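Reading through the structure tokens given below for one structure.
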Amino acid sequence: MATLTLRNVSKIYAGNVRAVSQVNAEIADGEFVILVGPSGCGKSTLLRMIAGLEEISEGEISIDKAVVNAVHAKDRDIAFVFQNYALYPHMSVAENMAFGLKMRKFAKTEIESRVNSAAKVLGLTEYLQRKPGALSGGQRQRVAVGRAIVRQPKLFLFDEPLSNLDAKMRVTMRAELIKLHKQLQATMVYVTHDQVEAMSMGDRLIVMKGGVVQQIGAPLEIYNNPANQFVAGFIGSPPMNFISGEIEKRGNDWFVVSDGINLKMPLSKFPVLASAFQNGDAKAVLGIRPEDIHEKSGDGNSISARVEILEQLGGEVIATCSVGTTEITVRLPARTQAQTDAQIELVFDLERAKLFEMATGKTLV
Amino acid sequence: MTTESKQKAYFHYALALFVTLIFALPLLAMLVTSLRDPAKAAAGFSLWPDSFHWQNYIEAWRATNFPRQFINSLVMALGVTAGQIITSLMAGYAFARMEFTGKKPLFVALLATLVIPFQILVIPVFIILVKLSWINTYWALIIPSLANAFGIFLFTQFFQTIPYELEEAAYIDGASRWTVLWKILVPLAKPAITTLFLFTFIAEWNDLFKPLVFTSTKSMRTVQLGLTVFQEQFKVDYALLMAAVVFVTVPSILLFFLGQKQFIKGIATGGLK
């Protein structure tokens, strides 16, 4: 187990292409950190730099306070679980798991005991003599994890390890990995583009876009207080609704006005609105999550929307509605009376809404 | 199956049978003649054995120094084949996986050597061998053929099909580049190794030109050379001659049957990627 420190880490390819730019992060001993972002955001490149599979163009990576920039992958004492498993096809499951220990000249009895105990933890005991080709995707993934845990490395690195599995197996393996982390209390860095995986597995998330870290924080902290519009949109499923509109000041009240939408901002947001827009007449983006919009049940201000699509998920219904030219996704209870192509009255919980700067996407409040 | 597709199938089988016969006929003629009465065989050709003269084989084996020639051929063929597999594996790995200046032009130059026949190189090689005093030694039969562009090309193509992650996983597991090559990639390259083994072994086993030029003593004769000498001695004794030819041909045929599955897999692998 170890700490991991990234200081101004960058990866620059030929032609000054920055795949990763100035990443700073401190990962504590035993922490489960998720690198999350869309495809091509540099998260896998960063993970490969931590592993020593990719050269570090700028900055410093330290494992347990020791700078490892010049240390070969095999000497960093890390384990890496690949997206495509990367199991040695000509070796049995036991040989695959034992390979790293053999390379490090462990005693035969020690290798056997470690392989057997890892196989037990992962439910692979009966498959130890099989070749990877004779295993299912989920079993192969377990072998890849087993190969990592037998080594008892300082640091576990996972590169989208569940993306080749079917949906059901992914959920099972997700739970198993969480359990494994609890059991091992090891430092783990996990790359994924799946924000559900990120939210459910990590102690902390590092959200990346275009090679740049957008926000680092606990999953709920990021969900509730995104640093910018990108993070707000990326974390959460269905994603946050964004309404581009004018900020208007009428008397003492502040409004966000868009095509068919006229939203009076709650009192709690006034100070920020006043300092950011002085007298109004500026553009901004209002962000509101689908669960913060409700069907009107009593009195109060509401917005009339047209239901375009209803997705019945059993426990809830995801409704895609339109207000003028704006599309809004709403999470409705399973027993909703809403009908496709009918009007629906929606109430926005604006206390929970976010406002973003139009030009930069930065969160205002 | 419709009548039309049945007819088509019959036609294809008939065609395949016809082509098989064309290829099998010389082999059949060889086998039959090798078993015929030498006097009758000298008198005329027949595809049907009138009698089974197994004695022909014993006489042919005794008539010339076949055991020694078999050993010479084996040493040459196995030596060259093993050498070519090792050099091709390592060079193929370098071309497929390592970055170095001039890699592309070097690879093109290497492929270009495929069009240069050995006959063009024979004089300079002969001069070198004379200077090294290697004429009439196994070195002369083995060393000049140790590297081969076809083998290197085959392994380069093969290694390019193996995912990088396998190697990276091995590096993280603590393996060196050398270990990765021999413990991870080579076991995966079995089809390519079998292909090169069969191609090279059969080519070397059947080679007449190299031993003819680089050796002159009786004790260094290979089977092909021995066969030529045998042919001179037993010009009209077709039965004995064919018995000797059977001896020489059997190892190639046997090897092909043994490695057929891997061989075809290897050709497919090399051809597709």
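General remarks:
- Residue that is farthest from A:Pro161 (Cα to Cα) [pool: residues in region A:183-192 that are outside any loop (DSSP other than H, G, I, E, B) and at pLDDT 90 or above]: A:Thr187
- Among the residues of region B:81-120, those that are exposed (fewer than 10 other Cβ atoms within 10 Å of the Cβ) and farther than 24 Å from B:Tyr138 by Cα comprise B:Met98, B:Glu99, B:Phe100, B:Thr101, B:Gly102, B:Lys104, B:Pro105, B:Val108, B:Val115.
- Condition met for B:Val130 (in contact (Cβ under 8 Å) with a residue 40 or more places away in the chain and closer than 25 Å to B:Val229 by Cβ): no
- Checking each residue in region A:49-99 for being part of a strand (DSSP E or B) and either of a type outside the set (S, T, N, Q) or at the interface with chain B (Cβ under 10 Å from one of its Cβ atoms) (or both) picks out A:Glu58, A:Gly59, A:Glu60, A:Ile61, A:Ile63, A:Ala66, A:Val67, A:Ile78, A:Ala79, A:Phe80, A:Val81.
- Pair list, Cβ under 7 Å, 6 or more apart: region A:332-349 residue charged (D, E, K, R), other residue in a strand (DSSP E or B) and buried (at least 17 other Cβ atoms within 10 Å of the Cβ): A:Asp341/A:Val307
- Listing of helices (runs of 4 or more DSSP H) fully contained in region B:1-90 that carry 1 or more residues being without any contact (Cβ under 8 Å) to a residue 12 or more places away in the chain and either closer than 12 Å to B:Ala243 by Cα or of a type in the set (Val, Ile, Thr) (or both): B:3-35, B:55-63
- Residue match in region A:21-33 (condition: acidic (Asp, Glu) and within 14 Å of chain B (Cβ to nearest Cβ)): no
- Residue pairs whose Cβ atoms lie under 9 Å apart, sitting 6 or more positions apart in sequence or on different chains, and linking a residue in region A:100-121 that is within 14 Å of chain B (Cβ to nearest Cβ) to a partner that is outside any loop (DSSP other than H, G, I, E, B) and hydroxyl-bearing (Ser, Thr, Tyr), are A:Met103/B:Thr179.
- For region B:153-180, the set of residues classified as outside any helix (DSSP H, G or I), under 27 Å from B:Leu110 (Cβ atoms) and among the hydrophobic types (A, V, I, L, M, F, W, C) consists of B:Ile162 only.
- A:Val330 surrounded by 15 or more Cβ atoms within 10 Å (Cβ to Cβ) and over 15 Å from A:Arg289 (Cα atoms): no
- Criterion violated by B:Leu185 - all others in (1) within 14 Å of chain A (Cβ to nearest Cβ); (2) farther than 15 Å from B:Ala94 by Cα satisfied: (2)
- All told, B:Ile142 falls short of being within 13 Å of chain A (Cβ to nearest Cβ), in contact with a helix residue (DSSP H, G or I) (Cβ under 7 Å, 6 or more places away or on another chain), under 30 Å from B:Pro251 (Cβ atoms) and not small (Gly, Ala, Ser).
- Figure legend. Inter-residue proximity from region B:95-110: first residues in contact (Cβ under 8 Å) with a residue 24 or more places away in the chain and in a helix (DSSP H, G or I), second residues surrounded by 11 or more Cβ atoms within 10 Å (Cβ to Cβ) and among the small types (Gly, Ala, Ser), beta-carbon distance below 9 Å, spacing 6+ or different chains. Indicated pairs: B:Leu110/B:Ala91; B:Leu110/B:Ala149.
- Region A:120-139 - residue that is of a type in the set (S, T, N, Q) and assigned to a loop (DSSP other than H, G, I, E, B) and, of those, surrounded by the fewest Cβ atoms within 10 Å (Cβ to Cβ): A:Gln129
- Residue within region B:168-176 that is among the aliphatic types (A, V, I, L, M), farther than 21 Å from B:Val245 by Cα, in contact (Cβ under 8 Å) with a residue 40 or more places away in the chain and within 14 Å of chain A (Cβ to nearest Cβ) present: no
- Against the test of being more than 16 Å from the chain's Cα centre (by Cα), of a type in the set (Phe, Trp, Tyr) and more than 26 Å from B:Gln224 (Cα to Cα), the options B:Phe100, B:Phe126 yield a single qualifying residue, B:Phe100.
- Condition met for A:Val285 (in a helix (DSSP H, G or I) and of a type in the set (Val, Ile, Thr)): no
The values are calculated or read from the model by the stated rules, or taken from the named source; none is laboratory data. Predicted, not measured: the structure shown is a model, and the values here were computed from it. Backbone-built Cβ (ideal geometry, glycine too); neighbour counts: all protein chains shown.
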